[in-house]
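The values are calculated or read from the model by the stated rules, or taken from the named source; none is laboratory data. Note that the structure is a prediction, hence the values are computed from the model and not measured. Positions of Cβ are generated from backbone atoms using ideal geometry, with glycine treated the same way; all protein chains shown enter the neighbour counts.
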Amino acid sequence: MALGIAVSIAVGAAWGLLNGVLVTRLKIPSFIITLGTLGMALGMAQVITKGTDVTGLPPQMVTAIGMNQILGLPLPVWIAAIVAVVAGLVLARTRFGRYTYAIGSNTEGARLWIAMWGGGRILRLSPEGHVLTEVPMPVAQPSSCAFGGPDFDVLYVTTAREGLGPDLAGPAGSVLAVRGLGVRGLPAHRFGG
């Protein structure tokens, strides 16, 4: 039984790694990958079992795990609760968890765009803080930035004139549109309440 559990965990981890690589490296939507690899797994199971259902599970699997109760609740409920709590702690308290929340289904969602007040540029940062893109601006004081447009591919930058003399102001105090970055923003999340 221990060998079966170890093999199941190893195969599940390998399958998850395959899914992750296909989504992150080949940029295929995760929903499509999930459906595709599900079909592959079912097909492989049919080949391995020659199309017959696997029966005759060890009695321990049915009685020890499936039928036992702790405090009036079936053991599988306790196992699921423990897995949920551990997963929640990992997601809430580890770097891996924060990265998982940030990325969601779109790696661009983890990138941060910031206006460098007094620095005359916009920066795109990785979750680790590395500069991925630097966009020079024709003003000294960009104040904020956000993606917009029908395809969220235009970066709108607000600017300020505060403290600038007429010779330094230029287009300061206006909203600038930056196109051609090759990056799309994400639509705003709708608040349901």
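If we keep just the residues of region 16-70 that are in contact (Cβ under 8 Å) with a residue 24 or more places away in the chain and hydroxyl-bearing (S, T, Y), which is surrounded by the most Cβ atoms within 10 Å (Cβ to Cβ)?
Looking at the filtered set, the residue picked out is S30.
For every residue, the table says whether it meets (1) aliphatic (A, V, I, L, M); (2) under 30 Å from P74 (Cβ atoms); (3) in the same structural domain as P76 (by TED's automatic domain parsing).
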{"site": "W15", "(1), (2), (3)": "no, yes, no"}
{"site": "V21", "(1), (2), (3)": "yes, no, no"}
{"site": "S30", "(1), (2), (3)": "no, no, no"}
{"site": "M40", "(1), (2), (3)": "yes, no, no"}
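Within the set of pairs 6 or more residues apart or between chains, which connect a residue that is exposed (fewer than 12 other Cβ atoms within 10 Å of the Cβ) inside region 72-84 to a residue that is at pLDDT 90 or above with Cβ atoms less than 8 Å apart?
none
Any idea which residue in region 40-57 is farthest from V11 (Cα to Cα), counting only those that are among the hydrophobic types (A, V, I, L, M, F, W, C) and in a loop (DSSP other than H, G, I, E, B)?
Applying the filter and picking the extreme gives L57.
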